[in-house]
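Q: Dumping the structure here so I can ask a few things about it.
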Amino acid sequence: MRKGDLLWTAALIVLLSIPFSPATGEGFLTATRTHPYLLGFVKVGILATMGELLAARITHGTWTRPTGLWLRGLVWGFLGLGFTLTFEVFGQGVAAASDHGLLPAAGGMWGSILLALLTSAVMNICFAPVMMAFHRVLETYIALGDGELGAIRRLRLVDVVRQIDWYSFISFVVLKTIPLFWIPAHTITFLFPAEYRVLCSAILSIALGVILSLAKRGAPAEERSSAAA
């Protein structure tokens, strides 16, 4: 294991120990309840950016800095604000819909699992495609502008949108990762207390990045080129 691998792993362990350590866990919960948006920005911004670094490490076989890494981190942080609101809206909304007979309901342990599954499914069907498309556009801006704000500001939206492989986005990102990864994964997320859900989602973004990077690394060269595009 290389030095960079050890440093990344150590950083992840330190960050994940904060919510669960007896010394810092209560402070984490208090901060999350008192400043939910700020903590959502920080949690997703840091962990998802670490996921970007790990994905690049797996894809290239060495630690490299993705283009516009700090801008990518800001974008993830901004999405963290959306996750903070969205998890609450869908968590409460699906529960209310179930109580009013608009969605199935069950009692006991299976009721909790069913509610978590329904919440994950509704959220990922209604919200995830829009969020993913928004993120794809922003990361394409960053890539085309080489991570430079001046160059990014000169880009036209029409040129950015034309660079995106929307067929791959719909056929793979939406129609495969949502039902096969995000709905099952967020079902587990919604079984956690509300204070841990955004954190869990950020961790899942790292896991998905690893999965996609491993798949890309094992694909033929022409497939890797298409995936990169």
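Q: For the range 117-141, name all the residues that are closer than 24 Å to Pro66 by Cα and aromatic (Phe, Trp, Tyr).
A: Phe134, Tyr141
Q: If you go through the range 89-100 one residue at a time, do you hit one that is within 22 Å of Leu208 (Cβ to Cβ) and touching a residue at least 24 places away in the same chain (Cβ under 8 Å)? Write out each step before concluding.
A: Here is the first cut: in the range 89-100, the ones within 22 Å of Leu208 (Cβ to Cβ) are 90-91.
If we keep only those that are touching a residue at least 24 places away in the same chain (Cβ under 8 Å) too, we end up with 90-91.
Checked the range 89-100: at least one residue is within 22 Å of Leu208 (Cβ to Cβ) and touching a residue at least 24 places away in the same chain (Cβ under 8 Å).
Q: Please list, ordered by residue number, the helices (runs of 4 or more DSSP H) wholly in the range 39-158 having 2 or more residues that are under 25 Å from Ile18 (Cβ atoms) and modelled with pLDDT under 95. Before you say what the answer is, go through the steps one by one.
A: Details: elements: 69-99, 108-126, 128-144, 149-154.
Here the list reads 69-99.
Q: Say we look at the range 33-50 and pick out the residues that are within 18 Å of Val210 (Cβ to Cβ) and β-branched (Val, Ile, Thr); which of these is surrounded by the fewest Cβ atoms within 10 Å (Cβ to Cβ)? Steps first, please.
A: Initial filter on the range 33-50 (within 18 Å of Val210 (Cβ to Cβ)): 44, 46-50.
Filter once more, keeping what is β-branched (Val, Ile, Thr): 44, 46, 49.
Numbers: Val44: 28, Ile46: 18, Thr49: 22.
Of everything passing the filter in the range 33-50, Ile46 is surrounded by the fewest Cβ atoms within 10 Å (Cβ to Cβ).
Q: Restrict the check to the range 195-211 and report whether at least one residue is at pLDDT 95 or above, crowded, with 16+ Cβ neighbours inside 10 Å and closer than 19 Å to Gly77 by Cβ. Before the answer, list the steps.
A: Just the residues of the range 195-211 that are at pLDDT 95 or above, to begin with: none.
So far as the range 195-211 goes, no, none of its residues is at pLDDT 95 or above, crowded, with 16+ Cβ neighbours inside 10 Å and closer than 19 Å to Gly77 by Cβ.
Q: Within the range 97-125, can you find the residues that are more than 21 Å from Gly82 (Cα to Cα) and among the aliphatic types (A, V, I, L, M)?
A: Step one: filter the range 97-125 for residues more than 21 Å from Gly82 (Cα to Cα), giving 97-115.
Residues satisfying the conditions are Ala97, Leu102, Leu103, Ala105, Ala106, Met109, Ile113, Leu114, Leu115.
Q: I've got another one for you. Among the residues of the range 54-93, what is the count of those that are crowded, with 21+ Cβ neighbours inside 10 Å and touching a Pro at 6+ places or on another chain (Cβ under 7 Å)?
A: Here the count works out to 2.
Q: Taking the options Ala128, Ala106, Ala143, name whichever one is surrounded by 15 or more Cβ atoms within 10 Å (Cβ to Cβ) and in contact with a helix residue (DSSP H, G or I) (Cβ under 8 Å, 6 or more places away or on another chain). Show your work before the answer.
A: Values: Ala106 fails: surrounded by 15 or more Cβ atoms within 10 Å (Cβ to Cβ); Ala143 fails: in contact with a helix residue (DSSP H, G or I) (Cβ under 8 Å, 6 or more places away or on another chain).
After applying the criteria, what remains is Ala128.
Q: Also: Can you give me the number of residues within the range 113-166 that are hydroxyl-bearing (Ser, Thr, Tyr) and touching a Phe, Trp or Tyr at 6+ places or on another chain (Cβ under 9 Å)? Working first, answer last.
A: First pass over the range 113-166, keeping only residues hydroxyl-bearing (Ser, Thr, Tyr): 119-120, 140-141.
Subset that is touching a Phe, Trp or Tyr at 6+ places or on another chain (Cβ under 9 Å): 119-120.
Residues meeting the conditions: 2.
Q: Is it fair to say Gly27 is on the phi < 0 side of the Ramachandran plot, part of a helix (DSSP H, G or I) and surrounded by fewer than 19 Cβ atoms within 10 Å (Cβ to Cβ)?
A: On the way: on the phi < 0 side of the Ramachandran plot: yes; part of a helix (DSSP H, G or I): yes; surrounded by fewer than 19 Cβ atoms within 10 Å (Cβ to Cβ): yes.
So Gly27 passes the test.
The values are calculated or read from the model by the stated rules, or taken from the named source; none is laboratory data. Since the structure is predicted, the reported quantities are computational estimates derived from the model, not experimental observations. All Cβ positions, even for glycine, are placed from backbone atoms using ideal geometry, and neighbour counts span all protein chains on display.
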